[in-house]
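These notes are about the structure you will find just below.
Please treat every number below as a calculation from the coordinates, not as lab data. As the structure is a prediction and not an experimental result, all values here were calculated from the model. All Cβ positions, glycine included, derive from the backbone under ideal geometry; neighbour counts span all protein chains shown.
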Amino acid sequence: MNCKIFVVTIFLVGLTCLGETLKLPAGWRVPKDSLFSMEWRNSDSLQYLSTSADLTGDGLRDTVLILEPIDKKGLGLFAFVKDKDSSYKPFNLFDTRIDKRLQEAVKKRKSQDVLLLYPRYYGVRIVLPGKYVTACGKEIYDCSADDSSEVATEKIELRYFGIEFFHYDAGGTRYYFWAPEKKCFVYAWIDD
Amino acid sequence: MERLKPIFHLAAVAACLGGRGAKNSRQGLTLTTLENIPETMHFTCGTSTGCNGYAYEIVSDFAKPPSSGAQVRLGEGVVAPNEKAMGLAQKLVDELERDQTITSGYREGKGAHGRDGGDAFDFGHNTNSPRVPREEMEKAYYKVFDPHSSMAIEETGAYHFQVVPGRGGATGFLPGLRDKYGNPVPEF
């Protein structure tokens, strides 16, 4: 087994040993594709494929995982929100297989190659609570939301820890964060 | 230089790279797979240095062969860089007189402009370490780009350049992570 996959697997086994049940969604697995084996990931003990923090402000530590679809190349970003009974509720935040813009890019290029960028170059890490200027506020993107999960204001305030979904060594960063009034995660583009 | 027909371009590149899917890690342009080579770009080899030399030229209306020894290296995963953007990237590297690894290409993103349309490219802070100082980068940008029709910004992980304006027609080197006095602003 690839040692990088091993690290993430050990992380999941560790949760199980603590009596916590983090069940991966059907059709997803811990990344095994060699595309994920990039040198830049070595600067993080969990390869930027997993992280954890209290994302919802309830005092419980939630888990974030990048997973790989079993049937196709690509990746999915998941937040597993922990309940008081130590079970986890999964939220699928991003999926290369169904993302509208990404699928348009694939269709336009008549090639799946663009999907390969994601396992190679995307990672996750925790964002501290605080105020942040978005891509809209930096005058990069239009301040209009493309879907109900997007926050397109010039600034955002994270009341709890958030998730940075980033492209290594480039822009295209999104922050995902908990919206208590909606009881789900929303996101904002930070740069391009 | 007269442009070659696309099919000949691909054949020439295939010959240089050693076949479909081969990786050329020599100095100069680094391309991952043949699938990554867009039809709109014009690569050639052998005109000055030969296939075993260090440089593949980007032949476009805007490009020129590296004149200073500095080279453009396209990172792995580069998919569909815009011809104009890559030409300006090369000029920028020439101006900076140092190697830079560039991320560009087609990936999902928001809006019609920016890197998702191949209209932009990033100089990452990690692979281009030590990073070019902001003042030097701004100076090079204003020398190479038309600041009235393009946009640049210093982001947390990279310098970002695009050949089209930003939101609401924003152009020039935007403050980004700086305040109105040019001082760095902490992200949090």
- Note on the structure: Taking r as the C-beta separation of A:Arg61 and A:Lys32 and R0 as 25 Å, the FRET efficiency to the nearest 0.05 is 0.45
- Where labels lie 7 Å past Cα in the beta-carbon direction, separation of A:Lys84 and B:Asn126 in nm: 4.0
- Can you give the extra length, in nm with one decimal, that the chain gains between A:Ile126 and A:Lys73 once fully stretched, where that is 0.36 nm per residue apart less the Cα-Cα distance? 16.6 nm
- Item | Cβ-derived FRET efficiency at R0 41 Å, A:Arg159 paired with B:Glu135, nearest 0.05 | 0.65
- Task: Please arrange A:Thr153, A:Thr96 by counting, for each residue, the other beta carbons lying within 10 Å of its beta carbon, fewest first.
- Result: A:Thr153, A:Thr96
- Item | Within 10 Å of each Cβ in A:137-146, the average number of Cβ atoms from other chains | 6
- In whole percent, the Cα-Cα distances of the stretch A:3-189 spread across 10 Å bins from 0 upward as 9, 36, 38, 16, 1
- Inter-probe distance in nm under a simple model that places probes 7 Å from Cα toward Cβ, at A:Val151 and A:Lys100: 2.0
